[in-house]
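First up is the structure itself, then whatever we jot down about it.
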Amino acid sequence: MRAAPLQSRDMSEIETNDQVRDQARYNPAEIEPKWQARWDADPELYTAEGHEAGRPKFYCLEMLPYPSGQLHMGHVRNYAIGDALARFMWMRGYNVLHPMGWDAFGLPAENAALKNNTPPREWTLKNIDAMKKQMRRMGLSYDWSREVTTCLPDYYRWNQWFFVKMFEKGLAYRKKSKVNWCPDCQTVLANEQVINGRCWRHEETIVELRDLTQWFLRITKYADELLDGLEKLEGWPEKVRTMQRNWIGRSEGALVNFAVDASVQNANADPSTPLRYAQDDTCNVITVFTTRVDTIYGATSIQLAPEHAVAKAFAAEDPALALQIEALLEEQRKAREADDLGGIEKHGVNTGRFAINPFTQERLPIWVGNYILADYGTGAIMSVPAHDERDFEFAQKYGLPVRRVIAAKEGEQPELPFTAEDDAVLINSREWDGLSCVEAQQKIAAFAQKQGFGEATVTYRLKDWGVSRQRYWGTPIPMVYCLNGHDSPEPGKPCVEPGGVVALPESALPVLLPEQVEITQEGGSPLGRIPEFLNTTCPVCGGPARRETDTMDTFVDSSWYFYRYTDAKDDAAPFASEKANYWFPIDQYIGGVEHAILHLIYSRFWTKVMRDLGLIHNDEPAERLFTQGMVIKDGAKMSKSKGNVVSPDDMITRYGADATRMYALFAAPPDRDLEWQEEGVAGISRFLGRVYRFATKYVDVAREGREPHIVGRTETDQKLLRKLHQTIAKITQDFSGRWHFNTSIAAIMSLINEIVAAEAAIDAGQVSPAAVAEVMRTLVLLLTPFAPFFAAEMWEQIGGEGVVFRTPWPVADEELAREDEIEVPVQVNGKLVNVVTLAAGSDEAAIKAMALADEKVKARVEGKNVVKVIVVAGKLVNLVVK
RNA sequence: GCCCGGAUGGUGAAAUCGGCAGACACAGCGGACUUAAAAUCCGCAGACCUUAACCGGUCGUGGGGGUUCAAGUCCCCCUCCGGGCACCA
């Protein structure tokens, strides 16, 4: 399918066909650059005003892209949606903030540096330039005066500022732990960046676990607030809220201490030892986490994760056991890599040791199980086979006793394991017998706490956010390690303990990323290889110090960028509170669902931290969130590897930006996946051509008709205006409701079909110029959010005043839109028989009479009894006959 | 296994509150214009049966049941596709 030939009218005069010569061709290749040049020359065009504007504000935001250098169709779709909304809101009289920026730190710049020997900064800025050109070419209404580029010091210095603030509040801390390591990225990843055991950027790459000391942000401190806040986010898709709920994974339960049996080992075991976690290395007490402490009388063994400290301690004294535990560990590791942790068969080893149930004083065998996760709860459980499916499976396999402690409902004999807890009642639990499970959970936990060997607790799946990255192209973490050793346990050696870590004062910020750096394949904190960067002085004692060489996760950048838009040039603060408080929360955030638990949970956390720092008032960043569907080609997501990528530039060259954008909105509702079909873009281009041809033909009529003369309306006038106002109403409604722009555009097409059908009537003088003028003027306004170049050109041609997208959105006149006749389908026994036409507003009796008088209906009813007549006003009539 | 989506003509889809299923397009077919083609304009178009043709009829929104005067839409069961979570104690 080729585009319409981009020839001018002059050329077509060579043709002999008069009709072709009369009709001006729609030529986006001429129109779009012309308007783009005018708009680019007017930096004020899309500038959001301050709060003094006196109009209601509207913050419309699309997720900022990574500057890869190329827009893809997903971007086009995302921005076409956002731009339509922003333009609509402008026309509705809102003070609109519609900014754009660049998520400009990250690994691809380093990879490109290796490949092309181009410094990351240069490569990135060049890409930004190229993509900005593409965006301008698309005609997007961004306020470029607020552009944010996260890799520039005027932005990332505030990342550092926030980091120091968080450090001071105890929200940023260093700890050694098992972390996810991507061998491809050569760096650590946060939990959220590991998808099914693989790197979020490398689908094929299995993430390894390494023990490293890393910086963490205490997102878990806000776990409950992040969870509870989801309830109030009614403008967010339920899907995203559910994903975040799952991710936070709040679970109420209890910790209980089981003393390791002193008669076998550890004579000092003391059941009242303070509660401890698996990571601790003393081993005379095992703390288990359970959500079913009510079943504690049914516990028949203790199960430890293979990595549990107590298991390790036992292994240290027993080489055979050590080998077996090592094997279990290896199994877990393999299963994790195969992404089938749930699939491995449960088994374990008996350590030969015992732990004492503090409620019964019973000795329970201690096992190490391959199904126990070290990183959830305490890494140790009490096994209650009667009331837990996994424990049951395990107990069956090893012949461990199964002891029932929950009664079934009366009359029921459910099989074990019996896991229900609703109105079930305890048995075989001594003084707790007869209590409901829920009651028992509370009372038993309270009792354990009173006795000092347990407590009620809450655990989360959510872990603190690991933000250290062993990479160059990111925000330097603004911390130093004092070599003088003040606060350090061993003077003269680098401080690695919390006491020796020093945050840089605000005056020392930003810590600039050095430009002259050798990027190597190995990664691994290249900053450590630059002495000028590494060596510094301690801001506390003035002695020699070493800088932190890790950089921050790039998700830090995107966690608060949208606040910076409100005050992008501020060099005294990340932003002025007053400005952020005017614009926030974001009224509409639009982006892909792939960020549901990455960016979207981090930025909610960051907002809460900023609120607690007193910078802002809002609890949540965005009032409403919209997640658009993917762009598909030949049934698969567009990707280089599948070779099904359609280039936006190519589309724009062939069909124009307007047609490309409009197709992205027309081909499917925005929340669904969209199959890209080039024929469809050609169709939209044809549609615009139809409008163009019609409009240019009646330009003079439209101009003349602008003079208001009071004349009676002809019948065709009425008809056209009715359709026009119905269309206004339809589109206005689509914008405020479901955003089904596909139907909005269909409505405009339908309107054009009717207008073109009336062409003969117009030529015959049966349509008044005023009506033609109103129709044309309004039609152009309706097209503005979807095809801004086209609308601007048409607006100019028909003599519209001012800038088309600052012209008020048309208001539907209900009176004009009302049909004077209605068509009422008549059914007999639910089957359509005929459609009768009658005056709008006819009462039920009139509709019924009309229906019964219809010949076809009569024929159907002949000789039968009309049992019932259902008249639905304005909808239909159904006769029930026998 | 659990939790969300989704399944409608040859294709993308529409039907927003239970009321004419298939709007609007794409592809296709027929016609007009043209020496011809492109472009453009007009028209046809769910499937099947019946008919020379008109007329007419039956079926039809993944499958099966139900509620209702009336179901793509509500209820129950099932299949398939996409996404999320998953030995989370």
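The values are calculated or read from the model by the stated rules, or taken from the named source; none is laboratory data. Model, not experiment: these values are computed from the prediction. Neighbour counts run over all protein chains shown; Cβ positions are idealised from the backbone, glycine included. Ligands, DNA and RNA are excluded from the accessible area calculation, which covers all protein heavy atoms including side chains. Shrake-Rupley method; radii C 1.70, N 1.55, O 1.52, S 1.80 Å.
Under the condition of being within 12 Å of RNA strand B (Cβ to nearest atom) and buried (at least 17 other Cβ atoms within 10 Å of the Cβ), the residues counted in the stretch A:852-869 number 2.
Criterion applied to A:Glu415, A:Glu389, A:Glu337 was being modelled with pLDDT under 90, under 28 Å from A:Asn180 (Cβ atoms) and within 44 Å of the chain's Cα centre (by Cα), and the one residue passing it is A:Glu337.
May I ask you to verify whether A:Arg201 is at pLDDT 90 or above and open to solvent by 60 Å² or more (accessible area, probe 1.4 Å)? Let's see the steps before the verdict.
Details: at pLDDT 90 or above: no; open to solvent by 60 Å² or more (accessible area, probe 1.4 Å): yes.
No; evaluated as a whole, the condition is false for this residue.
When the stretch A:129-171 is filtered for residues that are in contact with a Pro (Cβ under 8 Å, 6 or more places away or on another chain), of a type outside the set (Gly, Ala, Ser), in a helix (DSSP H, G or I) and open to solvent by 10 Å² or more (accessible area, probe 1.4 Å), the ones remaining, listed by number, are A:Gln134, A:Trp144, A:Arg146, A:Pro153, A:Arg157, A:Trp161, A:Val164.
All conditions but one from (1) β-branched (Val, Ile, Thr); (2) within 9 Å of RNA strand B (Cβ to nearest atom); (3) modelled with pLDDT of 90 or more apply to A:Thr378; the one that does not is (3).
Scan the strands (runs of 3 or more DSSP E) fully inside the stretch A:790-882 and keep the ones with 1 or more residues being touching a Gly at 6+ places or on another chain (Cβ under 7 Å). Steps first, please.
Working: elements: A:821-828, A:831-839, A:866-872, A:876-881.
Hits in the stretch A:790-882: A:821-828, A:876-881.
For the stretch A:819-841, a residue qualifies if it is closer than 18 Å to A:Lys864 by Cα and among the small types (Gly, Ala, Ser), and exactly one does: A:Gly830. For the stretch A:814-828, the criterion of a residue being near RNA strand B (Cβ under 9 Å from one of its atoms), modelled with pLDDT under 90 and either among the hydroxyl-bearing types (Ser, Thr, Tyr) or open to solvent by 50 Å² or more (accessible area, probe 1.4 Å) (or both) is satisfied by at least one position.
Among the residues making up the stretch A:283-302, a single one is away from RNA strand B (no atom under 13 Å from the Cβ), of a type in the set (A, V, I, L, M, F, W, C) and not in a strand (DSSP E or B): A:Cys283.
Considering only the stretch A:582-611, state which residues are small (Gly, Ala, Ser) and either surrounded by 21 or more Cβ atoms within 10 Å (Cβ to Cβ) or more than 16 Å from RNA strand B (Cβ to nearest atom) (or both). Quick ask: steps written out before the conclusion?
Of the residues in the stretch A:582-611, the ones small (Gly, Ala, Ser) are A:591-592, A:596, A:603.
Once the filter is applied, which keeps residues that are small (Gly, Ala, Ser) and either surrounded by 21 or more Cβ atoms within 10 Å (Cβ to Cβ) or more than 16 Å from RNA strand B (Cβ to nearest atom) (or both), the stretch A:582-611 yields A:Gly591, A:Ala596, A:Ser603.
Against the criterion of being polar (S, T, N, Q), more than 15 Å from RNA strand B (Cβ to nearest atom) and open to solvent by 10 Å² or more (accessible area, probe 1.4 Å), A:Gln766 qualifies.
As a summary of the residue check, A:Lys443 satisfies the conditions (1) open to solvent by less than 40 Å² (accessible area, probe 1.4 Å); (2) part of a helix (DSSP H, G or I) except for the one numbered (1). Scanning the stretch A:22-69 for residues that are closer than 13 Å to A:Arg136 by Cβ, part of a helix (DSSP H, G or I) and of a type in the set (D, E, K, R) gives A:Glu32, A:Arg38, A:Asp40.
What residue, of A:Ala420, A:Ala407, A:Ala395, is under 30 Å from A:Arg336 (Cβ atoms) and more than 10 Å from RNA strand B (Cβ to nearest atom)?
Numbers: A:Ala420 fails: under 30 Å from A:Arg336 (Cβ atoms); A:Ala407 fails: under 30 Å from A:Arg336 (Cβ atoms).
A:Ala395 is the lone residue from the list that is under 30 Å from A:Arg336 (Cβ atoms) and more than 10 Å from RNA strand B (Cβ to nearest atom).
Return yes or no: is A:Phe694 within 15 Å of RNA strand B (Cβ to nearest atom), open to solvent by 50 Å² or more (accessible area, probe 1.4 Å) and touching a helix residue (DSSP H, G or I) at 6+ places or on another chain (Cβ under 7 Å)? In short, no. Selection of the stretch A:344-375 for residues being within 15 Å of RNA strand B (Cβ to nearest atom) and closer than 15 Å to A:Tyr297 by Cα yields A:Asn357, A:Leu364.
Restricting to the stretch A:215-234, name every residue that is outside any helix (DSSP H, G or I), open to solvent by 20 Å² or more (accessible area, probe 1.4 Å) and touching a residue at least 24 places away in the same chain (Cβ under 8 Å).
Initial filter on the stretch A:215-234 (outside any helix (DSSP H, G or I)): A:215-218, A:233-234.
Adding the requirement that they be open to solvent by 20 Å² or more (accessible area, probe 1.4 Å) leaves A:218, A:234.
A:Arg218 - this is the single residue of the stretch A:215-234 that is outside any helix (DSSP H, G or I), open to solvent by 20 Å² or more (accessible area, probe 1.4 Å) and touching a residue at least 24 places away in the same chain (Cβ under 8 Å).
Would you check if there is a residue in the stretch A:177-186 being of a type in the set (Gly, Ala, Ser) and at positive phi? Lay out the reasoning, then the answer.
Of the stretch A:177-186, the ones of a type in the set (Gly, Ala, Ser) are A:177.
Still in the running and at positive phi: none.
Checking the stretch A:177-186: not a single residue is of a type in the set (Gly, Ala, Ser) and at positive phi.
Remark: pairs (first residue in the stretch A:523-549, at positive phi; second residue open to solvent by 40 Å² or more (accessible area, probe 1.4 Å); Cβ separation under 9 Å; 6+ apart in sequence or on different chains) = A:Gly523/A:Gln186; A:Gly524/A:Gln186; A:Gly542/A:Asn484. Of the helices (runs of 4 or more DSSP H) lying entirely inside the stretch A:509-624, those carrying at least 3 residues that are within 22 Å of A:Ile477 (Cβ to Cβ) are A:531-534, A:561-564, A:599-612.
Among the residues of the stretch A:60-78, none is identified as buried (at least 24 other Cβ atoms within 10 Å of the Cβ) and among the aromatic types (Phe, Trp, Tyr).
Based on this model, can you work out whether A:Gly614 counts as open to solvent by 50 Å² or more (accessible area, probe 1.4 Å) and either within 16 Å of RNA strand B (Cβ to nearest atom) or not β-branched (Val, Ile, Thr) (or both)? Spell out the reasoning first.
Values: open to solvent by 50 Å² or more (accessible area, probe 1.4 Å): yes; either within 16 Å of RNA strand B (Cβ to nearest atom) or not β-branched (Val, Ile, Thr) (or both): yes.
Yes.
Taking the stretch A:829-838 as the range and being in contact with an Asp or Glu (Cβ under 7 Å, 6 or more places away or on another chain), surrounded by 10 or more Cβ atoms within 10 Å (Cβ to Cβ) and among the β-branched types (Val, Ile, Thr) as the test, the residues that pass are A:Val835, A:Val836. Do we find that A:Arg654 is of a type in the set (Lys, Arg) and outside any loop (DSSP other than H, G, I, E, B) in this structure? It is true that A:Arg654 is of a type in the set (Lys, Arg) and outside any loop (DSSP other than H, G, I, E, B). Scan the stretch A:785-796 and give yes if some residue there is surrounded by fewer than 18 Cβ atoms within 10 Å (Cβ to Cβ), more than 10 Å from RNA strand B (Cβ to nearest atom) and not assigned by TED's automatic domain parsing to the domain that holds A:Arg860, otherwise no. For the stretch A:785-796, residues surrounded by fewer than 18 Cβ atoms within 10 Å (Cβ to Cβ), more than 10 Å from RNA strand B (Cβ to nearest atom) and not assigned by TED's automatic domain parsing to the domain that holds A:Arg860: present.
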